[in-house]
Structures are given as structure tokens and as C-alpha cells.
Amino acid sequence: MATRNRSARQRAGTVLIALGGLVLLTGAAAKFARVPQVAAELGAFGFRGDKLALIAIVEVLSALLFLIPRTRSAGLLLVSAFLGGAVATHLQHDQSVLQPAVVLGVMWLGAWLRHPETLWSVSPLAHDTAALTQEAV
């Protein structure tokens with residue numbers, strides 16, 4: 001039973017990881033293609049020309065690193081920084097932060113479902129281990 005739950009959890013995590021990666025890669029493709037609506041929105045934020053291409057490159061790099069299991073932790077860090085920047089930019093321009101926040105949440109949830117050790121420091125075991133370490137010192 002535990003194996004089945006772990007397997008279902010890992011499958012759900014894999015689906016969410018793939019979904020988040022696909023969203024970022026699609027967004028990057030729209031930026032590279034200079035889709036008018038995307039270019040206009042980002043242009044209003046001050047991102048035009050080379051800056052728009054740089055954002056697309058960073059988006060692709062973070063998505064690919066996140067999608068590759070061996071580099072997923074570095075990818076999660078970059079995705080978090082990238083989407084955190086998107087949230088900050090949206091806030092600065094009085095825009096809704098819902099889209100980048102939801103995408104980031106989906107990616108973190110997928111990483112946690114697939115790799116529960118991602119949030120090791122907030123697990124009950126980590127707190128017990130930290131307490132034991134403090135007692136030993």
C-alpha cells in the first residue's frame with residue numbers, strides 16, 4: 001500500500017513538473033517569436049529588444065534545468081528566482097501576480113511530490129534531528 005501511494009505521489013509530481021516546464025517553455029517561445037500581445041505586455045514593463053530575448057533565454061535555461069532530473073534542484077532555484085522576479089515586476093506595475101505565483105506553486109508542489117526531500121528542513125524528522133544535534137552540543 002505504501003509503495004502504491006509513493007508511486008502515485010511520484011507520478012503526480014512528474015505530471016506537475018512537466019506541466020510547469022511546459023508553461024515556461026511555451027512562454028519563452030512566445031517571447032522569442034515576439035507574439036504581439038506578449039511583446040506589448042513586456043514592453044510596458046520596460047522589457048524590449050535584447051532584454052526580451054534575455055528573459056526568454058533565462059526562462060528556457062531554468063525550465064530545462066528543472067525538467068532534467070539530475071539538475072532539478074538547480075533548476076528549481078532558477079525557476080524560483082525567475083518567477084519571483086515576475087511576481088515582483090507584476091506587483092511594481094499593479095498587475096495580477098496570480099499567473100506567475102500559480103506556476104511557481106505548481107512547480108514547487110511537483111518537486112515536493114516527486115522528491116519529498118526537497119523540503120527536508122521543514123519535515124518533522126528534520127526538527128527532531130536538529131533538537132538532537134543541539135542536545136549533543
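The values are calculated or read from the model by the stated rules, or taken from the named source; none is laboratory data. Remember, it's a predicted structure, so these values are computed and weren't measured experimentally. Cβ coordinates were reconstructed from backbone atoms using ideal geometry, including for glycine residues, and neighbour counts include every protein chain displayed.
Checked against (1) within 17 Å of L104 (Cα to Cα); (2) outside any helix (DSSP H, G or I); (3) of a type outside the set (D, E, K, R), V23 passes all but condition (2).
In the stretch 84-97, the residues that are touching a residue at least 12 places away in the same chain (Cβ under 8 Å) form Cβ pairs under 6 Å with partners that are of a type in the set (F, W, Y) and in a loop (DSSP other than H, G, I, E, B), at six or more places apart or across chains, as follows: T89/F45; H93/F45. Is one or more of the residues making up the stretch 112-120 closer than 27 Å to A33 by Cα and among the aliphatic types (A, V, I, L, M)? No, that holds for no residue.
Select from the stretch 58-71 the residues that are buried (at least 21 other Cβ atoms within 10 Å of the Cβ) and touching a residue at least 40 places away in the same chain (Cβ under 8 Å) and list them in ascending order. Scanning the stretch 58-71 gives A63, F66. Restricting attention to the stretch 83-107, which residues are touching a Leu at 6+ places or on another chain (Cβ under 8 Å), part of a helix (DSSP H, G or I) and either of a type in the set (V, I, T) or surrounded by 15 or more Cβ atoms within 10 Å (Cβ to Cβ) (or both)? Of everything in the stretch 83-107, those that are touching a Leu at 6+ places or on another chain (Cβ under 8 Å), part of a helix (DSSP H, G or I) and either of a type in the set (V, I, T) or surrounded by 15 or more Cβ atoms within 10 Å (Cβ to Cβ) (or both) turn out to be L83, V87, P100, A101, V103, L104, V106, M107.
Quick grid of which residues meet (1) modelled with pLDDT of 95 or more; (2) among the β-branched types (V, I, T); (3) within 12 Å of the chain's Cα centre (by Cα); (4) not in a helix (DSSP H, G or I):
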residue	(1), (2), (3), (4)
I55	yes, yes, no, no
A63	yes, no, yes, no
L109	yes, no, yes, no
L119	no, no, no, no
A126	no, no, no, no
T129	no, yes, no, no
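In the set (1) among the β-branched types (V, I, T); (2) more than 18 Å from G75 (Cα to Cα); (3) in contact (Cβ under 8 Å) with a residue 40 or more places away in the chain, T14 fails one condition alone, (2).
Residue check: is R48 modelled with pLDDT under 95 and over 17 Å from W108 (Cα atoms)? Here the answer is yes, as R48 does meet what is asked.
Restricting G75, G27 to residues that are at pLDDT 95 or above, buried (at least 17 other Cβ atoms within 10 Å of the Cβ), within 17 Å of A101 (Cα to Cα) and over 11 Å from the mean Cα position of the chain (by Cα) narrows the list to G27. Residues that are of a type in the set (A, V, I, L, M, F, W, C), in contact with a helix residue (DSSP H, G or I) (Cβ under 8 Å, 6 or more places away or on another chain) and in a helix (DSSP H, G or I) within the stretch 65-80 comprise L65, F66, L67, A74, L76, L78, V79, listed in sequence order.
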